[in-house]
1. Considering only the other residues whose Cβ falls under 9 Å of the Cβ of Ala71, what net charge follows from Lys and Arg at +1 and Asp and Glu at -1?
2. Asp20: net charge of surrounding residues, Cβ under 12 Å, Lys/Arg +1, Asp/Glu -1, itself excluded?
3. Which whole-percent values make up P(r) of segment 4-92 when all C-alpha to C-alpha distances are grouped in 10 Å steps starting at zero?
4. For segment 21-97, calculate the relative contact order in percent as a whole number, restricting contacts to Cα pairs under 8 Å that are 6 or more residues apart.
5. Once amide H atoms are built 1.01 Å from N in the peptide plane, which residues 5 or more positions from Asn45, or in another chain, come under 5 Å H to H?
6. Label Glu153 and Arg90 with points 7 Å out from Cα along Cα→Cβ: what is the distance between them in nm?
7. Mind jotting down the distance between the C-alpha centroids of segment 151-182 and segment 24-59, whole Å?
8. On full extension of the chain, what length is gained from Lys167 through Arg79, given 0.36 nm per residue of separation minus the C-alpha to C-alpha distance?
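Derivation of every value follows stated rules applied to the coordinates shown; laboratory data play no part. On a predicted model such as this, the values are computed, not experimentally measured, just so you know. Because the Cβ atoms are built from the backbone with ideal geometry, glycine has one as well, and the counts that use them run over all protein chains shown.
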Amino acid sequence: MAEAKDDPGAELFLRVSRGDEAAFSELFKMYAKPMVNYSYRYLGNWHDAEEAAQEIFLRLYRMAPRYERRASFKTFIYRVATNILRNWLRDHLRDRETGSLVLVDAIPGVERDLDQDLDHQALLARVAGELPRLPERERAALILVALEGHSYEEAAVVMETSFRGVKSLVHRSRERIREALKSGRQEMGDGR
């Protein structure tokens, strides 16, 4: 594992664990935007994403005195965030339909030909509409790998599973979205 000095987030969080308030401010500046964006992709709306990001940083602050570095700080913060977002969905969004911004590029095999689909925006909306319907672990794996840019290995650590487990979850999520889009075309009378 790399030294803390090779991992600016870990170095700052170690300082936070020793009571350095200024280090927490620096850490917040470094990770606030990525945590809000990750939360938005997971939850589907900005208001909830901002509240969840605040909860992430509150949890980090409370955890700081007990911090033991076992992985990169980036992996650590995404693991904390994922756990909080799972709980957030369970506690706050149980019966609410959420929307999400999903890039069509995250789903290989989905055609982007504007002549074949009504238009690119309609396709984006259809793909985004499928993300909340995915099982929670598949959604988390897809967001971490395809949208947040984590490697399969990093996502495995965040999700506390294996490399193969993450690959399988991402594959299944992509297949479910492809199938849902395909069946949606058939339901609309489009035989493709």
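1. Net of charged neighbours comes to +3.
2. -1
3. Pair shares across the bins are 18, 52, 26, 4.
4. 29 percent
5. none
6. Simple spin-label model gives 3.1 nm for this pair.
7. Going from one Cα centre to the other spans 23 Å.
8. Values: separation 88, 0.36 × 88 = 31.68 nm, distance 1.74 nm.
Additional length available on full extension: 29.9 nm.
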